[in-house]
Amino acid sequence: LPLFERLERRIIDGERAGLEPDLDEAMTQVPPLKIINETLLNGMKTVGELFGSGQMQLPFVLQSAEVMKAAVAYLEPHMEATDDSGKGRIVLATVKGDVHDIGKNLVDIILSNNGYEVVNLGIKQPINTILDAARDKKADVIGMSGLLVKSTVVMKENLEELNARDAAQFPVLLGGAALTRAYVENDLTETYDGEVHYARDAFEGLRLMDDIMA
Ligand code: B1M
């Protein structure tokens with residue numbers, strides 16, 4: 001297979017051996033972020049479709065996710081970073097009950113490379129932990145990620161909890177595959193006493209952070 005198709009195939013097949021040389025070769029042709037966005041994420045999309053339609057079993061999805069993470073980790077040091085720093089601080093977490101973290105970690109990388117300090121709490125984080133960290137670290141923004149449909153409900157409950165705990169001064173950034181712009185901009189805006197923003201991808205997340213911090 002040609003290089004970029006082969007890389008996409010590696011994600012779908014969860015084939016780790018030989019990944020690095022392929023990534024090295026790819027980086028001689030296009031920037032690392034483009035490899036992620038246009039090649040590797042296409043592979044993950046196919047994995048999601050195969051899994052969703054019952055053509056792929058969970059352990060294979062996990063293998064694909066591991067190759068994806070290894071690829072992103074390999075590419076990250078080669079990504080362009082701005083010299084800015086101290087643009088703001090975000091506490092970032094995948095919400096309670098949800099283990100998906102590839103998207104959240106991409107958001108971390110994009111924000112970190114663009115002047116933001118990211119406190120990445122990891123997966124399955126209850127709102128108490130998120131809020132404590134936001135207060136402790138004096139975060140400017142709280143970011144929550146979640147891919148499951150039930151995570152969209154958890155996010156709503158989290159916003160209610162932030163209201164109840166007098167924490168609506170934190171602007172909140174939300175993202176993840178099961179969320180829709182309409183749900184965030186209609187339902188969740190209504191729920192939360194503070195600002196709530198929807199990011200379709202990590203780049204929109206960066207743009208929104210720049211808006212919030214402006
Ligand atoms: Co899961 N999974 N999974 N899974 N998985 C989905 C989400 C699913 C849609 C697959 C499917 O059925 N087609 C489905 C959810 C269905 C639903 O809720 N209706 C699903 C399911 C069902 C499950 C389990 C329940 C399966 C089971 O156990 N029977 C289980 C859940 C466990 C749990 O969470 N409690 C499960 C487990 C797993 C694995 C562990 C095997 C693995 C995750 C590994 C890991 O993350 N470390 C996995 C994977 C890999 C997927 C799919 C295939 C791919 C997800 C992914 O990494 N995409 C996924 C299919 C899909 O999403 N369509 C699926 C790439 C990633 C870059 O995209 O995270 O969306 P994403 O991030 C994007 C944007 O959303 C945005 O930016 C990123 C791009 O720039 N973004 C943000 C994300 N967070 C943001 C935060 C922001 C801003 C932007 O600001 C704060």
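The values are calculated or read from the model by the stated rules, or taken from the named source; none is laboratory data. None of the values given here were measured: they were computed from a predicted structure. No Cβ is skipped: glycine too gets one built from the backbone with ideal geometry, and neighbour counts run over all protein chains shown. The area values use the complete protein model at the heavy-atom level, side chains included, leaving out ligands, DNA and RNA. Shrake-Rupley method; radii C 1.70, N 1.55, O 1.52, S 1.80 Å.
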Burial order of peptide ranges 10-20, 168-178 (average beta-carbon count within 10 Å, highest first): 168-178, 10-20
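For n ≥ 4 DSSP H runs only, could you compute -39500 (n - 2.57) per run for the chain, divide by its residues and tell me the 222 nm figure to the nearest 500? Walk me through the numbers on the way to the answer.
Numbers: 9 runs with 103 residues, N = 214.
Calculated at 222 nm, the ellipticity per residue is -14500 deg cm²/dmol.
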Under Karplus coefficients 6.51, -1.76 and 1.60, residue-wise ³J(HN,Hα) of segment 108-125 in Hz, glycine/proline x: 4, 4, 5, 5, 4, 6, 10, x, 9, 8, 10, 9, 9, 7, x, 9, 6, 9
Cut-off 11 Å, label 7 Å out along Cα→Cβ of residue 66, residues of segment 14-57 by amide N: 14-17
Computed label-point distance, nm, for sites residue 160 and residue 29 using a 7 Å Cα→Cβ extension: 5.1
For the chain, radius of gyration divided by Kirkwood radius, i.e. Rg to Rh on alpha-carbons: 0.99
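Using only the Cα atoms of segment 64-188, build the gyration tensor, take square roots of its eigenvalues as a ≥ b ≥ c, and label the shape rounded, prolate or oblate: rounded if a/c is under 1.5, else prolate if a/b is larger than b/c, else oblate.
oblate
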Karplus-derived 3J(HN,Hα), 6.51/-1.76/1.60, for each residue of segment 35-46, Hz, glycine and proline x: 4, 5, 5, 9, 10, 5, 5, 4, x, 5, 5, 4
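Give me the percent relative contact order of segment 138-212, please, defined on Cα pairs under 8 angstrom at least 6 residues apart. List each step's numbers first, then the result.
Values: 98 pairs, mean separation 24.4, N = 75.
Rounded, it is 33 percent for segment 138-212.
On a full-extension model of 0.36 nm per residue, what is the gain between residue 136 and residue 57, subtracting their alpha-carbon distance, rounded to one decimal in nm? Walk me through the numbers on the way to the answer.
Values: separation 79, 0.36 × 79 = 28.44 nm, distance 4.09 nm.
Length gained, residue 136 through residue 57: 24.4 nm.
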Distance in nm between pseudo-label sites at residue 50 and residue 16 (7 Å out along the Cβ direction from Cα): 1.7
Length released on extending from residue 128 to residue 85, taking residue separation times 0.36 nm less the Cα-Cα span: 12.7 nm
Helix 127-136 axis, angle to the chain major axis (alpha carbon atoms, nearest 10°): 80
Residue with peak Gaussian network fluctuation, the chain [Cα springs, cutoff 10 Å], from 119, 149, 196: 149
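Counting Lys +1, Arg +1, Asp -1, Glu -1, what net charge surrounds residue 45 among other residues with beta carbon under 12 Å of its beta carbon? Intermediate values should be presented prior to the final figure.
Details: positive: none; negative: 8, 38, 49.
My count for the surroundings of residue 45 gives -3.
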Cβ-based net charge around residue 98, under 11 Å, with every Lys or Arg adding one and every Asp or Glu removing one: +3
Segment 164-203 - percent relative contact order, Cα under 8 Å, separation 6 or more: 52
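Please report the relative contact order for the chain, taking Cα pairs under 8 Å with a sequence separation of at least 6, and give it as a percent rounded to a whole number. Please list the in-between numbers first.
On the way: 332 pairs, mean separation 34.4, N = 214.
Normalised by residue count, the contact order of the chain is 16 percent.
Tell me the per residue accessible area of the chain using a 1.4 Å probe; a whole number in Å² is fine. It would help to have the intermediate numbers written out before the result.
Values: 10620 Å² over 214 residues.
Averaged over the residues of the chain, the accessible area is 50 Å².
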